[in-house]
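Contents: one structure, followed by commentary.
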Amino acid sequence: MSNMVLANGDPYVWAVPTGSDQWKWIVLKRVVAGSYISSPDEPFAVDQFEQIAEAGARYAALDHAALPMLLSTVDGKMLVVSLRPGMKRRATVP
């Protein structure tokens, strides 16, 4: 939540719950211009698509253990957020 405080109300910053006990939340920030290269040690990857059909196909192809999420943005883009390959979802013990 500290990232949300630092965003100071920026409308292009979202906190999204993941459904994971290991990574409870991810914070997404839209890059308005230019590009962004994510760190290889970040557990989640974000793919952007122009069409819902493309995003839906990517979402459907992901394993449920990758915690996939399909999100739409205010400008009509579609995002698929999921665990990167090789990241393991830890089992929880009650």
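Quick one: longest stretch of the chain between exposed loop chymotrypsin sites (Phe, Trp or Tyr not before Pro), exposed meaning at most 13 other C-beta atoms within 10 Å and loop per DSSP? Can you show the working numbers first?
On the way: sites that count: 12, 36.
No qualifying site falls inside 37-94, the longest such stretch.
So for the range 10-94, what are the equivalent ellipsoid semi-axes in whole Å, largest first, each being the square root of 5 times an eigenvalue of the Cα gyration tensor?
Square roots of five times the eigenvalues give 22, 16, 12 Å.
Read-outs throughout are calculated quantities, based only on the coordinates presented, and are distinct from any laboratory measurement. Predicted, not measured: the structure shown is a model, and the values here were computed from it. Quick reminder, even Gly has a Cβ in these numbers, built from the backbone with ideal geometry, and neighbours come from all protein chains shown.
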